[in-house]
1. Between rounded, prolate and oblate, where does segment 121-164 land on the alpha carbon gyration tensor, with a ≥ b ≥ c its root eigenvalues, rounded for a/c under 1.5, else prolate if a/b exceeds b/c?
2. Taking the Cα-to-Cβ direction at LYS57 and at ALA143 and moving 7 Å from each Cα, how far apart do the two end points lie in nm?
3. Which percent, nearest 5, of DSSP beta bridges in the chain are antiparallel?
4. Rounded, prolate or oblate: which fits segment 287-328, taking a ≥ b ≥ c as square roots of the Cα gyration tensor eigenvalues, rounded meaning a/c under 1.5, else prolate when a/b beats b/c?
5. Can you give the relative contact order of segment 26-140 as a percent, counting alpha carbon pairs under 8 Å and 6+ residues apart?
6. In which sequence would MET384, MET1, MET164 go, from the one with the fewest C-beta neighbours within 10 Å to the one with the most?
7. Evaluate the Kirkwood expression for the hydrodynamic radius of segment 287-411, namely the inverse of the mean inverse distance over all pairs of different C-alpha atoms, and round to one decimal in Å.
8. Note the full-extension length gain between GLU173 and GLU90 as 0.36 nm times their separation in residues minus their Cα-Cα distance, in nm to one decimal.
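Please treat every number below as a calculation from the coordinates, not as lab data. All values reported here derive from a predicted model rather than from experimental measurement. Cβ placement follows ideal geometry from the backbone for every residue including glycine, while neighbour counts extend to all protein chains displayed.
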Amino acid sequence: MVKVAVLGHGTVGSGVVELFQKNAKSITSRAGQEIEVKRILDIREFPDLPYADKFTKDFNEILNDPEISIVAEVMGGLSPAFDFTKSLLEHGKSVVTSNKELVAAKGAQLLAIAKEHNVNYFFEASVGGGIPIIRPMHQCLAANEITEVAGILNGTTNYILTKMIHESVPFDEALATAQQLGYAERNPAADVEGHDACRKICILASLAFGSHVYPHTVYTEGITKLTLDDVAYAENWGGVIKLIGRAKKLDNGKMYATVYPALLSSHSQLAGIDDVFNGILIRGNATGDVVFYGRGAGKFPTASAVVADMIDISKASSTSKSLSWKDSDADNVADYKEAPLQFYIRADLCGAAQPDIADAFGDVTWLSRPGQPADEVAFVTDIMTEYELDDKISTLGNKISVKSMIRVLDY
Ligand code: HSE
């Protein structure tokens, strides 16, 4: 019998406890022994739950309980989650988590502490909810050099974009529904401003390229400035706008790591991934592209990954050597503006004509939309760096006013 504890009884924490009850038989058979949730930490009271007797408000009851060998940290946030995780690992307990903020900020350090104490720190649930991605990356794809990772990493924003693209639902209404369904972060700014996707691409990039990628080094732009006009021009171009986190290895040892809304061709493997679903594309030098798809948020999908990590640890005899990366000096990320890309521009003409734009930008693809005002243009440029794009825009001076710029990605 393995005894475990759960820190936090929110959406994911309650899902973890319920999943242990619901799937008790198969979990026991896969783990090779029974796994019992002995304690649940939460500052709130849950007197009506059938397992009310398991709750404690005192972390030390879990830390100092020699029977508890695995703990799920599903509280979220950095504090007190970091101190709790560090203490648990130092006390010889393995920790599993869905806390992407903590893994993105402190992953290298916590993995090193786990290794030092011969225990595990697993975080399958931190990226892609119920989609297996962390374990496939460090185990099943271990024979590859991974050159690129890109994905739709946030269910809430993908749900909102899907509603905007397919049903013309306003942004606020779609966000409110995502919150009711339990997809959104406590502070939805973390979703819509791209911070949640940023944390997830940091984790994937760290694992793929072996050195810690810190969130502050990743250029991050959310979806709050997107309009239904941009969605209509994207459709005319033959594509969709998706919030994409990407990390691409460069020959100089650095990488591009970014999060921004991107224009994708409708033929892209990521273009048809809608609603709360996430999709993650891994480019390996042996496999080519591998795409993982599934529910990226929600109570049971995320709990599924947390419980699977606990089952895995209950069978493990020592610390996982393949799930780790080195710390970094945060100099491993290159200037995103140097990446050669195509760009979508929507602008108001303030004196310029289409020939002026063609003079400045060279060959462009002109776009149209129903109800397009006479003084509005939209076009997609040829490949250039963002520095070159800025130069070209500035040669037109105040003859155009750029309302929207979206990068085009070719996945
Ligand atoms: N708020 C996150 C999302 C939850 O919408 O994807 C899962 O990490």
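1. Details: a/c = 3.76, a/b = 1.83, b/c = 2.06.
Oblate, because a/c is 1.5 or more while a/b does not exceed b/c.
2. Between LYS57 and ALA143, the label points sit 5.6 nm apart.
3. On the way: 46 of 71 bridges.
Among the beta bridges of the chain, antiparallel pairing accounts for roughly 65 percent.
4. Numbers: a/c = 1.89, a/b = 1.12, b/c = 1.69.
Oblate, since a/c reaches 1.5 and b/c is not below a/b.
5. Working: 137 pairs, mean separation 20.3, N = 115.
Relative contact order of segment 26-140: 18 percent.
6. On the way: MET384 17, MET1 10, MET164 20.
By the 10 Å Cβ count, ascending: MET1, MET384, MET164.
7. Working: mean 1/r = 0.0519 Å⁻¹.
Evaluated over segment 287-411, this radius sits at 19.3 Å.
8. Details: separation 83, 0.36 × 83 = 29.88 nm, distance 4.53 nm.
In short, 25.4 nm is gained.
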